Amino acid sequence: MKHSFSLLALVCVLVSSSLIGNAQNAPQLGKDPIPAVIKAMTLEEKVKLVVGKGLSIPGVSLGGTTDQTPDKVKGISGHTVAIPRLGIPSMQFADGPAGIHIFFDSSNKNYCTAWPVGTLLASSWDTALVKKVGVAFGEEIREYGIDFILGPGMNTHRNPLGGRNFEYYSEDPLITGKTAAAIINGIQSQGVGATMKHFAANEQETNRNTVNTIASERGLREIYLKGFEIAVKEAQPWAVMSSYNYINGSYTSESADLLKTILRNEWGFKGYVMTDWFGGKDAVGQMKAGNNLLMPGGKEQIAKITEAVKNGQLDEKVLDENVAGILQVMLQTPTFKNTPFSNKPDLKKHAQVSREAAAESMVLLKNDKNALPMSGVKSIALFGNHGYDLIAGGTGSGDVSKAYAISLAEGLTTAGYKLDKDVQGIYKNYLDDYAKQHPKKNPLQEIMNPTPYAPEYTFDKALIDQKAFASDIAIVYIGRNAGEGNDRKVVDDYELSDQEKEMINNVSDAFHSKKKKVIVVMNIGGVIDVSPFKDKVDGILLAWQPGQEGGHAITDVLSGKVNPSGKLATTFPGSYKDDPSAKNFPGKEFPDKATTGMFGMRSVPAEVTYEEGIYVGYRYYNTFNIKPAYEFGYGLSYSNFSYSPVKLSSSSFDGKLSATVTITNTGKVAGKEVVELYVSAPTNKLDKPAEELKAFAKTELLQPGKSQTITFTLTPKDLASFDTNTTSWIADAGNYTVKVGASSLNIKATASFNVSKDFIVEKDHKVLAPQVQINELKPGKAF
Ligand code: BGC
């Protein structure tokens, strides 16, 4: 017995000393070349690295791999597994696009700044401003010890009901790409990574894990991929998140066509790809497709990948490539570099940036007889629940762990306006009572299934009449929220509820009868139906979801402290059914093929066909002459601007062409103007939208009478459309019109140039072709 014990002890000593020796001699990430580190990795270690550490947030632990070491940053959405023996740390991932999301526990309440949501930032048309937000955002990410933010969200506003539209930028890929590039460049300038998501064609929440997006190659290339392409080329995000959906029959996370051929080979992406959380089905297929990292990671994926390497189904070289992709980027991360972090970002400074960005991006949709800015107004009757309860941003992973959200009531009061106390008191009691009766659920339940807001309070008409005597002006506040997991509905969401209509009607009648103005403020995450009230009220301000400083920022615009200069990056249709995607949203379900999916949930196969092709948003409305309520690119100012004739550098295109225009502030107050350049191209070979946005700029703050000259440059790709037959971008010979304007329908100056011969701008690979015939919309064809 004694003998065998000492033998065991000897074996233990030998084993542990060999391990120590191994640790001391093993190549170290950062010191030794990556191939040497990979060579030293066991199969188990490689697999550990490509499968995340599991989801562990207070009260929930899902997936769960082999790594039990404590998380560097607790309560965030994901981590990779550390391999200390090789100097490989665990990377830290946090949501999301509009600010950091942390699930707090009693030991951790690090509040984060809620920035304006993506849709509002995009309405700035001001990439310098967006970059400024990115810089502050990046600093905050770094100061909380996080390596990657899971944003920006870059899917397309295909349909007004998209539940996550607030996280995304626009219906137009140029705005999407440029805005994303600006925020990524800002974030990454602080030494932390951005993750552009959800790649790609993930424009709905209904059946998000099962839906097959059926889209034409041209539609994908020109609309749904284009924004991502611009962002990769102009900002090189450190990471990409593949989406939940299929494209033309393949899960995006399992599509080498998407993740290798397009993303890496054609566009030159240098970072790595992670799945969306629990996305896709086939871990081995994901490895083969170049989806480097499976998030949040689970034991089953580890087992499957390990097994596949062992039985030869997965070449270990493929695994090595995926590992290399992750390690390459890891070298830049704060965790790898041991960058100190304070847990104390400058939240005060960031709040200022958030307020500025919000105010600078809001869109003034209507301003009859200069109803705004409020002049001579001292007392205000503020109607609408959310005037007292700001919707800073949307729900789900796009929500932010903010310390506060300033309501418009607070904003107006702080700025010295007198709010009607009776009205305020009624709302306060109503909202307090509702909150007591509807206590919030736990944070995870709230994220996926938020407690609904109180229905709009119905005011007594007599009381409104009385208030029209007492107050100088009425503000009617309309709020909407949505988020991950669900799309919006038409009734009582896209359309106003009966209570909201009644509120606007009664307030308008009462105040107008006293010759007082009525302003509507829209605090919404997605487009709503403005037709019932747009002709009834005097002013409409679109605040979208403005972040935590919203109430101050809205007040800045209403008071005239900030002259609005945002413009619509998304069309407001005349009615929902006018939207070209309405007949194909959210697509078809196949309930008879339902199975049990993730976490025992019912999983229903589904498909959606993007029959509208490239005719998304204004590309549709303008080409098919359907009048929207407010068109793409539209937005008013408290000033006026004149446009000089547009001057082209040449009347024929020879590889490059510049267009110059001078903008003058002809109004009485200082202001900024968004200048939009559209091109109408000849339609010899391919059908084309009436015009497409090819460049934009925002002037500096122009004092009255002052001018600024802006020069835009057009490159060959700006003239080209994607030709499916030849899989190439081609520019047709013929006459091109450059249209410079204040909106897509308010063109101020035009000029023409000629292309003498058709030419091919770029040849791409034949990938992602639909497996079925799509009855695509074309001008002149019944739809
Ligand atoms: C969302 C992603 C998010 C991830 C991690 C998913 O459900 O679709 O956008 O980044 O969760 O929270």
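Read-outs: derived from the displayed coordinates by stated rules, not from any lab. Everything numeric here is computed off the predicted structure, so don't read it as measured data. All Cβ positions, even for glycine, are placed from backbone atoms using ideal geometry, and neighbour counts span all protein chains on display.
Some values worked out for this structure:
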item: Alpha-carbon centroids, region 493-541 and region 331-351: separation in whole Å; result: 44
item: Extension gain (nm, one decimal) between Q703 and D422, 0.36 nm per residue minus Cα-Cα; result: 97.1 nm
item: Extension gain, S531 back to I760 (0.36 nm per residue minus Cα-Cα distance, nm); result: 78.0 nm
item: The chain - mean residue ellipticity at 222 nm from DSSP helices (-39,500 (n - 2.57) per run, n ≥ 4, rounded to 500); result: -8500 deg cm²/dmol
item: Interchain or long-range residues, amide H under 5 Å from V51's placed H; result: L294
item: Positive-pole candidate from G635, A182, L293, dipole of the chain, charges at beta carbon; result: A182
item: Between region 441-477 and region 628-693, the alpha-carbon center distance in angstrom; result: 40
item: Of all DSSP beta bridges in region 109-258, antiparallel share, percent nearest 5; result: 20
item: Computed magnitude of the charge dipole of region 566-667 (debye, nearest 20; Cβ of K, R +1, Cβ of D, E -1); result: 200
item: Check: the chain dipole with +1 on Lys, Arg Cβ and -1 on Asp, Glu Cβ, in debye; result: 1200
item: For V761, residues with placed amide H under 5 Å, excluding near neighbours; result: W729, I730, A731
item: Sequence ranges 120-132, 707-719, ranked by mean other-Cβ count within 10 angstrom, highest first; result: 120-132, 707-719
item: Out-of-range pairs (alpha-carbon distance over 20 Å; input K402/K428; K467/K517; K31/K53; K428/K536); result: K402/K428; K31/K53; K428/K536
item: Estimated inter-spin distance, A303 and E589, nm [label 7 Å along Cα→Cβ]; result: 3.1
item: Cα-based shape type of region 472-540, given that a ≥ b ≥ c are square roots of the gyration tensor eigenvalues and the cut on a/c is 1.5; result: prolate
item: Region 713-761 and region 554-610: distance between their alpha carbon centers, rounded to Å; result: 30
item: Residues whose placed amide H lies under 5 Å from that of F641, excluding near-sequence neighbours; result: T666
item: Net charge contributed by nearby residues that have their C-beta within less than 13 Å of E500 (K/R +1, D/E -1); result: -4
item: Fully extended contour minus Cα-Cα distance, from V491 to A769, at 0.36 nm per residue; result: 96.5 nm
item: Unit charges at the beta carbon, dipole of region 179-286: most positive-side option, I223, S242, M196; result: M196
